[in-house]
Amino acid sequence: MEVERAVVPGTLPAEAMRPVIAAAEDGAEVSVAVLDVASGRRAVHGTGLFETASIVKVDILAALLLRAQDEGRSLTAQEKRYAAAMIEVSDNASASALWTAIGGAAGLDAANGRLGLTDTEGGAGTLWGLTRTTAADQLTLLQQVFMGRGDSGEASRLSEASRAYLQGLMGSVAEDQDWGVSAAGGTRTAERRFALKNGWLPRTATGLWVINSVGRVTTAEGREFLVAVVSKGSTTKAKGISLVESAARAAVSVFTVRSAGVHVQKLSPYESNESS
């Protein structure tokens with residue numbers, strides 16, 4: 001007989017994140033949000049604000065695509081070159097060019113208002129990498145891109161063509177940048193299916209690292225999840241990546257892990273500048 005493990009709707013069970021937190025360095029912080037694509041159920045751990053580093057590049061491109069839709073046009077050839085470089089190899093100069101094109105923080109914030117992001121604020125001036133966000137907001141953006149709808153089930157403001165374009169670029173990131181939430185998916189080469197964007201930023205004042213990862217992953221069993229992990233306070237990039245990957249695996253395990261006599265209850269839906 002299976003025994004259900006109690007889960008507070010919309011939150012990750014403390015036991016799922018306990019080993020992640022225990023293994024983290026002193027002072028390091030992490031927040032994660034996950035959504036099971038098939039059921040629409042989601043869970044979140046942590047509500048704090050984190051600098052985006054380069055995961056904001058997905059948001060910048062979403063804002064640019066919204067602007068082009070409003071103007072009844074496709075992206076120009078130059079905009080496409082910037083977009084591809086910004087997402088696939090995390091080129092910062094391209095991001096800066098498109099940040100200017102969308103109107104900087106004001107343009108990003110306006111687009112986010114339409115996309116349903118309520119706790120994200122664009123970085124001051126040209127400092128797009130210091131945009132602040134939450135894991136839950138990043139999950140909302142992933143829903144707009146990958147599922148074509150917002151938190152409440154309303155249709156995405158991004159057109160089908162815009163969403164397909166973003167998905168394609170996120171599915172073509174450089175091999176040396178495909179760490180992060182991909183760790184929660186299949187591990188064998190044939191099983192590794194993901195589309196993501198990562199961000200990494202050593203803070204000048206402290207030397208500590210901001211390490212983030214957002215995207216869609218597919219497990220070895222073929223289940224799809226949207227996962228957003230944000231973190232700060234790691235002493236090295238490698239330790240930050242390890243923290244982010246552990247959090248991503250823990251989040252997805254809430255929906256997938258079955259052990260002897262234990263069933264993880266499904267969650268209710270909708271509850272709850274060196275940068276790259």
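Quick note: the coordinates plus some simple rules give every number you see, no bench work behind them. From a predicted model like this one, the values you see are computed outputs, not experimental measurements.
Listing for the model above:
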item: Estimated vicinal HN-Hα couplings, Hz - the range 25-33 in sequence order (Karplus 6.51, -1.76, 1.60; Gly, Pro = x); result: 5, 4, x, 6, 10, 8, 9, 9, 9
item: Share antiparallel - DSSP beta bridges, the chain, percent rounded to 5; result: 90 percent
item: Fully extended contour minus Cα-Cα distance, from residue 78 to residue 159, at 0.36 nm per residue; result: 27.1 nm
item: For the range 78-88, 3J(HN,Hα) per residue [Karplus equation, 6.51 cos²θ - 1.76 cosθ + 1.60, θ = phi - 60°, Hz, x = Gly/Pro]; result: 5, 4, 5, 5, 4, 4, 4, 5, 5, 8, 6
item: Count of lysine pairs in the chain with Cα separation under 27 Å (8 or more residues apart, or interchain); result: 9
